[in-house]
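A short worksheet on the structure shown next.
Values quoted throughout were computed directly from the atomic coordinates according to the rules given, and no laboratory measurement underlies them. No experiment lies behind these values; they were computed from the predicted model shown. Cβ atoms come from the backbone with ideal geometry, glycine included; neighbour counts cover every protein chain shown.
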């Protein structure tokens with residue numbers, strides 16, 4: 001089994017995956033707020049949430065922080081371009 | 001509470017600077033139907049909601065609107081970034097440049113600053129959720145007008161279409177939340193017309 005879920009993914013592709021999963025989770029959250037007993041949607045929410053947590057951890061290890069929960073010997077939070085800057089994607 | 005996540009909700013990479021488009025798109029930053037008003041409206045209304053579904057939906061849509069505020073600000077930034085003062089003036093942004101330079105200021109396309117008077121927090125769940133339905137439609141209509149005005153820039157239109165689509169989803173969710181609130185408030189009510197407030201002395205919130 002592949003221990004790293006992002007193997008063979010470049011930085012950009014990995015970030016795209018994380019953003020897409022975050023979007024899917026967010027949209028499912030809104031749906032579940034008004035349909036809290038839909039077990040199929042709960043199942044999808046669980047699957048995508050788990051996946052995005054592990055991909056985010058992997059990204060942060062390889063390329064720097066996306067969230068404020070990271071560990072590092074240097075202050076990497078200010079190193080990467082900010083999301084609003086041209087060329088960040 | 002809030003933590004920052006260092007991504008946009010949807011990627012934005014505008015290749016061609018165009019201050020003319022920034023000047024109208026800024027309305028969705030701080031205009032009457034913009035994302036600042038939307039986020040403040042929902043995050044403030046949530047405190048007055050009577051049931052779990054409507055508290056959750058206002059909290060979570062209000063949070064998503066903050067991400068949209070960031071996206072609209074990003075559009076304005078990337079459309080103006082690197083433009084000279086002359087270029088901004090030529091595009092009609094001379095007055096804006098005078099007051100705000102290359103910063104992104106919450107204002108309407110017509111130039112007036114963001115005002116909380118363009119939104120409401122009534123403290124009445126039916127009135128508030130009904131306002132939210134209208135707000136989502138007004139935001140959708142604004143994005144459609146912006147798409148008309150931005151025809152030449154595919155990068156910008158792609159983002160505006162995404163934001164427009166989210167308004168449609170939010171409208172649907174607010175409709176579902178309103179149905180739930182009405183059901184809860186009306187469960188002991190025999191009358192067709194009742195705004196659901198507690199002036200009758202009975203406590204509808206329990």
- [ ] Run through all the Cα pairs of chain A and give the fraction in each 10 Å bin from 0, expressed as whole percent.
- [x] 15, 40, 30, 13, 1
- [ ] At 7 Å along the Cα-to-beta-carbon direction for both residue A:62 and residue B:137, put a label point, then send me their distance in nm to one decimal.
- [x] 4.7 nm
Open item on the list: Inside 10 Å of the C-beta atoms of B:6-15, what's the mean count of C-beta atoms belonging to other chains?
Closed with: 6
Open item on the list: Using alpha carbons only, how many angstrom separate the centre of the stretch B:152-174 from the centre of the stretch B:1-23?
Closed with: 14 Å
Task: Distance in nm between pseudo-label sites at residue A:11 and residue B:85 (7 Å out along the Cβ direction from Cα) - done: 3.6 nm
- [ ] Compute the long axis of helix B:125-149 from its Cα atoms, compare it with the longest principal axis of the Cα atoms of chain B, and write down the angle in degrees, 0 to 90, nearest 10.
- [x] 20 degrees
Open item on the list: Is the C-alpha gyration tensor of the protein assembly as shown telling us rounded, prolate or oblate? Criteria: a/c under 1.5 is rounded; beyond that, a/b larger than b/c is prolate, otherwise oblate.
Closed with: oblate
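Counting helices only, and only those DSSP H runs with n ≥ 4, report the 222 nm mean residue ellipticity of chain B as the sum of -39,500 (n - 2.57) divided by its residues, in deg cm²/dmol to the nearest 500.
On the way: 8 runs with 121 residues, N = 206.
Result for chain B, helices only: -19500 deg cm²/dmol.
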TODO: Take the Cβ-Cβ distance between residue A:41 and residue B:183 as r, set R0 to 30 Å, and report the resulting FRET efficiency rounded to the nearest 0.05.
DONE: 0.90
Open item on the list: Sorting check: for B:52-65, A:57-70, A:32-45, which peptide has the highest mean count of neighbouring beta carbons within 10 Å, and how do the rest follow?
Closed with: B:52-65, A:57-70, A:32-45
TODO: Provide, in order from the shortest bin, the percent of all Cα-Cα pairs of chain B in each 5 Å bin, continuing until the bin that contains the maximum pair distance.
DONE: 1, 7, 15, 18, 16, 14, 10, 7, 5, 4, 2, 1, 0, 0
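At a 10 Å Cβ-Cβ cut-off, how would you order B:168, B:104, fewest neighbours first?
Values: B:168 13, B:104 19.
Lowest to highest Cβ neighbour count: B:168, B:104.
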TODO: Could you state the angle between the C-alpha long axis of helix B:35-45 and the longest principal axis of the C-alpha atoms of chain B, as a value from 0 to 90 degrees rounded to the nearest 10?
DONE: 20 degrees
- [ ] Take every residue in peptide A:80-87, count the Cβ atoms of other chains within 10 Å of its Cβ, and give the average of those counts.
- [x] 6
Open item on the list: Using only the alpha-carbon atoms, how far is helix B:154-185 inclined from the longest principal axis of chain B? Give it as 0 to 90 degrees, nearest 10.
Closed with: 10 degrees
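Hey, what number do you get for chain A at 222 nm if only DSSP H runs of n ≥ 4 count, each worth -39500 (n - 2.57), divided across all residues, to the nearest 500? Before the final figure, lay out the partial values.
Details: 2 runs with 49 residues, N = 89.
Roughly -19500 deg cm²/dmol at 222 nm, from the helical runs in chain A.
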